[in-house]
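Enquirer: Pasting a structure here, questions to come.
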Amino acid sequence: MDYHKPILLNEILEHLQVQKDRTYIDATLGDGGHSIEMLKKGSKVLGIDVNEGSINRALYRIQNLGLSGNFVSATGNFSKIDEIARAHGFDQVHGILFDLGYSSSQLDEDDLGLSFQKDQFLDMRLDKTLGVNASDFINALSEKELAKLIFDLSDEKYAKRFAKAIVEARNKKKIQTTAQLVEVLVSEAPSNYENGRIHPATRTFQALRIAVNNELENLRDALPRAARTLLPGGRMSVLSFQSLEDRLTKEFGQSAQPNIKPVNDKPVVPSNEEIVNNPRSRSAKLRTYEKIY
Ligand SMILES: C[S@@+](CC[C@H](N)C(=O)[O-])C[C@H]1O[C@@H](n2cnc3c(N)ncnc32)[C@H](O)[C@@H]1O
């Protein structure tokens, strides 16, 4: 199986000053790409993920590599990172990583409904204990609410048009699959949508995923809690893939000063070589902060 390729791996290991016998929290374990390299360096890692499938994949890899001795996993939401850390004996750590969003393995999973290139149930919940899925959002919100959600969470300039088309389509038949939604968006988008650069469903799917999983609220809750979980001199890195997450991270960095200082003035982005080898890295932005005291 092809696992998710860890993005900005060397830069993150460097920013977090990963070393033997230090302790780290990987708040977004995913397929374990970053955790595995931390473990190989002899550090101790707590890997958190809200998605059971990710935890299982990472555990399988870590066990196969004989790296389980220094690894602890926890299923949970990083919005409670401090509580999860304490419950697992990681009260104060040298470094914390947030690699936001979803992994390429999750895009391939049949029961998540994250991909607009596959026909699946329109779910999008990474955490199956959440009560509301993407189909619920699509079928229950008013046209105005839908347009606002799509615009606010993805900057989709056709948000109003798409919302109107979604409501017309769902009045005929409830929208329950990714393919149904994609069909509505494609038929409504102009033929030169974004000059063919991205698929017409890209932004709407992003907006729905963010809303279903409360992604912005989780990040907003997590960052100050993560800062409290760091040892003085410890660092936290946030790898984000869209402007709303990056803005939230930047604002946190500004509001948490003077206790928290950015390690770089500007976010670090992938090299051209990494983008060619892994196109998913193209929108990545890495911000790292150090806890001063
Ligand atoms: C981009 S992937 C991480 C990939 C990983 N660094 C690797 O190299 O394999 C993001 C992961 O974060 C998880 N995730 C998203 N939101 C979360 C949250 N609020 N709490 C915990 N995990 C979350 C997703 O389920 C996904 O597995």
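What follows draws every value from the coordinates through simple rules; no lab data is involved. In this text the structure is predicted, and so the values were computed from the model without any measurement. Please note: Cβ atoms are built from the backbone with ideal geometry, for glycine as well, and neighbour counts cover all protein chains shown.
Enquirer: List the lysines whose Cα lies under 17 Å from the Cα of Lys40, skipping any in the same chain that are fewer than 8 positions away.
Expert: List returned: Lys5, Lys20.
Enquirer: Per residue of region 245-254, in order, report the coupling 6.51 cos²θ - 1.76 cosθ + 1.60 (Karplus, θ = phi - 60°) as ³J(HN,Hα) in whole Hz, putting x for Gly and Pro.
Expert: Once rounded to whole Hz, the list reads 5, 5, 5, 4, 5, 4, 5, 4, x, 6.
Enquirer: Same structure again: Taking the Cβ of Asn70 as the center, what net charge do the other residues with Cβ under 14 Å away carry, scoring Lys and Arg +1 and Asp and Glu -1?
Expert: Computed value for this residue: +2.
Enquirer: Between Asn213, Asn77, Asn277, find the one with the highest GNM mean-square fluctuation for the chain; connect C-alpha pairs within less than 10 Å.
Expert: Asn277
Enquirer: At a 10 angstrom cut-off on C-beta neighbours, averaged per residue, how do the peptides 258-266, 243-251 rank from highest to lowest?
Expert: 243-251, 258-266
Enquirer: Along the Cα→Cβ direction, 7 angstrom out, place labels at Asn272 and Asn214. What is the inter-label distance in nm?
Expert: 4.4 nm
Enquirer: Give, as a single signed number, the net charge of other residues whose beta carbon lies under 11 Å from the beta carbon of Arg86, with Lys and Arg counted +1 and Asp and Glu -1.
Expert: The answer is 0.
Enquirer: Additional query: Given a Förster radius of 35 Å and the C-beta distance between Tyr60 and Ile292 as r, what FRET efficiency does 1/(1 + (r/R0)^6) yield to the nearest 0.05?
Expert: Efficiency, rounded to the nearest 0.05: 0.35.
Enquirer: Hey, what do the phi angles of region 118-127 turn into as Karplus ³J(HN,Hα) couplings, whole Hz, using 6.51/-1.76/1.60 and θ = phi - 60°, x for Gly and Pro?
Expert: The phi angles translate into 10, 9, 9, 4, 7, 9, 6, 6, 6, 10 Hz.
Enquirer: Under 5 Å between amide hydrogens, which residues at least 5 positions from Leu230 or on another chain qualify, with H placed 1.01 Å from N in the peptide plane?
Expert: Under 5 Å from the amide H of Leu230 lie the amide H atoms of Val93, each far enough along the sequence or on another chain.
Enquirer: Let me ask something else about it. Extending each Cα 7 Å along its Cβ direction at Lys173 and Asn259, get the distance between those two points in nm, one decimal.
Expert: 5.5 nm
Enquirer: Using a 7 Å offset from the Cα along the Cα-to-Cβ direction at both Lys40 and Ala87, what is the distance between the two label points in nm, to one decimal?
Expert: Taking the simple label geometry, Lys40 and Ala87 are separated by 3.1 nm.
Enquirer: Next question. Relative contact order for region 152-293: what percent, with Cα pairs under 8 Å and sequence separation of 6 or more?
Expert: Reported as a whole number, the value is 23 percent.
Enquirer: If we count every other residue with Cβ under 14 angstrom of Asp31's Cβ, Lys/Arg +1 and Asp/Glu -1, where does the sum land?
Expert: -4
Enquirer: If you don't mind, another one. Pick out which of Gly101, Gly196, Gly33 has the largest mean-square fluctuation in a Gaussian network model of the chain, springs linking Cα atoms closer than 10 Å.
Expert: Residue with maximal mean-square fluctuation among Gly101, Gly196, Gly33: Gly196.
Enquirer: Sort all Cα-Cα distances of the chain into consecutive 10 angstrom bins from zero, then give the percent of pairs in each bin up to the one containing the longest distance.
Expert: 6, 28, 33, 22, 9, 1, 0
Enquirer: Apply 1/(1 + (r/R0)^6) to the Cβ-Cβ distance of Ser68 and Arg161, taking R0 = 35 Å, and write down the FRET efficiency to the nearest 0.05.
Expert: The formula returns an efficiency of 0.10 here.
Enquirer: Across region 138-264, how many lysine pairs separated by 8 or more positions, or lying on different chains, have Cα atoms within less than 12 Å?
Expert: So the count works out to 6.
Enquirer: Let me ask something additional. With N residues in region 146-293, what two-decimal value do you get for its Cα radius of gyration over 2.2 N^0.38 Å?
Expert: The value comes to 1.29.
Enquirer: Related question: Please rank Met124, Met236, Met38, fewest neighbouring Cβ atoms within 10 Å first, as an exposure proxy.
Expert: Met124, Met38, Met236
Enquirer: A follow-up question, please. Which semi-axes, in whole Å and largest first, does the equivalent ellipsoid of region 131-212 have when worked out from the alpha carbon gyration tensor as the square roots of 5 times its eigenvalues?
Expert: Each semi-axis is the square root of five times an eigenvalue, giving 18, 14, 12 Å.
Enquirer: Okay, next question. Determine the gain in length on full extension of the stretch Gln19-Thr129; use 0.36 nm per residue of separation and subtract their C-alpha separation, reporting nm with one decimal.
Expert: 36.0 nm
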